[in-house]
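What follows is a structure written as structure tokens; I'll ask about it next.
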Amino acid sequence: MKILAFNGSPRKKGNTETLLSEVLMGAASKGAETRLICLNELNMKGCQGCGACRKKLGACVQKDDVSPLLQEMKNADALVFGTPVYCYNVSSQFKALIDRFYCFYGEDVDPATGNKGVRVWFPSGKRIVIVTSQEAPDVFETVHNWLSLLGYLLNAGGMEFIEHCASENKRNSARDNPTILSQARAVGESLVKSSS
């Protein structure tokens, strides 16, 4: 089993990365192959609105570090996404990644019926975990609702949220919270169990 995690935080070893690492450790303890990708370290462009993916749905033509990762995501068994909440929304790094998912969604002709309709060009049934971290609990619902769209864009077989809230934006608050660390590790373990 292969699990990919995407860290949308620009902070190294911050709360988002801490929780993503715990999810991956839980999965690895059950035998999964895991990989953590830090978006801030990639040569990554946002969607250019070029429309090339309308001609070949399911693939982005941009030449950067994200295009091959979009294809690698298709082969993963589960996906874990993490973002801090900045200015009442996801980080700019994370939003740039999500915008690139546009290549997975578009109108196409159904080969079985010949009818034209909207199709999601991403393998269905993958489990998705989303980790968020912020200091204002009242903002979670808005961000949570927006992030739920990932389930549709990626044909999710199930979604789970880990929401971390720390007063005063303390960088190590997740590391100092055994309850949320345990929750994150258990979620990682369950990703492997659910695929067995």
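Those residues that are in a loop (DSSP other than H, G, I, E, B) and at pLDDT 95 or above, I need them from segment 11-43; list them, please. I'd like the intermediate steps shown before the answer.
Pass one, segment 11-43, residues in a loop (DSSP other than H, G, I, E, B): 11-14, 29-32, 42-43.
Scanning segment 11-43 gives S29, K30, G31, A32, L42, N43.
Then there is this: Determine whether segment 93-103 contains at least one residue that is surrounded by 14 or more Cβ atoms within 10 Å (Cβ to Cβ) and at pLDDT below 85.
No; the residues of segment 93-103 include none that is surrounded by 14 or more Cβ atoms within 10 Å (Cβ to Cβ) and at pLDDT below 85.
Take the residues in segment 127-136 that are under 21 Å from the mean Cα position of the chain (by Cα) and over 18 Å from F101 (Cα atoms); name whichever of them is surrounded by the most Cβ atoms within 10 Å (Cβ to Cβ). Break it down into steps so the answer makes sense when it comes.
The first filter runs over segment 127-136 and keeps only residues under 21 Å from the mean Cα position of the chain (by Cα), leaving 127-135.
Next cut, over 18 Å from F101 (Cα atoms) only: 131-135.
Numbers: V131: 31, T132: 25, S133: 26, Q134: 21, E135: 16.
Among those residues, the one meeting the criterion is V131.
I need every pair where a residue in segment 25-45 that is open to solvent by 70 Å² or more (accessible area, probe 1.4 Å) has its Cβ under 7 Å from the Cβ of a residue that is of a type in the set (K, R), sequence separation at least 6 or different chains.
Correct list of pairs: M25/R185; K30/K193; E33/K2.
Criterion first (closer than 17 Å to F104 by Cα and under 17 Å from the mean Cα position of the chain (by Cα)) does K74 satisfy it?
yes
Among the residues in segment 91-114, are any within 21 Å of L24 (Cα to Cα), acidic (D, E) and part of a strand (DSSP E or B)?
Within segment 91-114 (the criterion being within 21 Å of L24 (Cα to Cα), acidic (D, E) and part of a strand (DSSP E or B)), the answer is no, since none of the residues qualifies.
Follow-up. Which condition number does R185 fail, the rest of (1) among the charged types (D, E, K, R); (2) open to solvent by 70 Å² or more (accessible area, probe 1.4 Å); (3) modelled with pLDDT under 85; (4) farther than 14 Å from Y86 by Cα being met?
(3)
Let me ask another. Quick test for you: out of S173, S124, pick the one residue that is open to solvent by 80 Å² or more (accessible area, probe 1.4 Å), assigned to a loop (DSSP other than H, G, I, E, B) and among the polar types (S, T, N, Q). Don't jump to the end; show me each part of the working.
Working: S173 fails: open to solvent by 80 Å² or more (accessible area, probe 1.4 Å).
The match here is S124.
Next question, about the same structure. Given (1) over 29 Å from A28 (Cβ atoms); (2) surrounded by 13 or more Cβ atoms within 10 Å (Cβ to Cβ), identify the lone condition not met by L153.
So the condition that L153 fails would be (1).
Return the residue satisfying two criteria in turn: it lies in segment 61-78 and is without any contact (Cβ under 8 Å) to a residue 40 or more places away in the chain, open to solvent by less than 60 Å² (accessible area, probe 1.4 Å) and assigned to a loop (DSSP other than H, G, I, E, B), and of such residues it is farthest from K13 (Cα to Cα).
Among them, the one singled out is Q62.
Identify, by number, the condition in (1) open to solvent by less than 20 Å² (accessible area, probe 1.4 Å); (2) over 16 Å from S9 (Cβ atoms) that H164 doesn't meet.
Just one mismatch for H164, condition (2).
If you don't mind, there's one more thing I want to ask. From the list G82, G58, pick out the single residue that is among the small types (G, A, S), more than 23 Å from D108 (Cα to Cα), touching a residue at least 24 places away in the same chain (Cβ under 8 Å) and buried (at least 17 other Cβ atoms within 10 Å of the Cβ).
Numbers: G58 fails: more than 23 Å from D108 (Cα to Cα).
Going through G82, G58 in turn, just one is among the small types (G, A, S), more than 23 Å from D108 (Cα to Cα), touching a residue at least 24 places away in the same chain (Cβ under 8 Å) and buried (at least 17 other Cβ atoms within 10 Å of the Cβ): G82.
Okay, next question. Please state which of the following conditions V85 fails to meet, knowing it meets all the rest: (1) modelled with pLDDT under 95; (2) under 30 Å from A166 (Cα atoms); (3) part of a helix (DSSP H, G or I).
It fails just one condition, (3).
The values are calculated or read from the model by the stated rules, or taken from the named source; none is laboratory data. As the structure is a computational prediction, the values presented were derived from the model and not from experiment. Don't worry about glycine lacking a Cβ; one is built from the backbone with ideal geometry, like all the others, and counts go over all protein chains shown. Note: accessible area is taken over every heavy atom of the protein model, side chains too, but ligands, DNA and RNA are not part of it. Shrake-Rupley method; radii C 1.70, N 1.55, O 1.52, S 1.80 Å.
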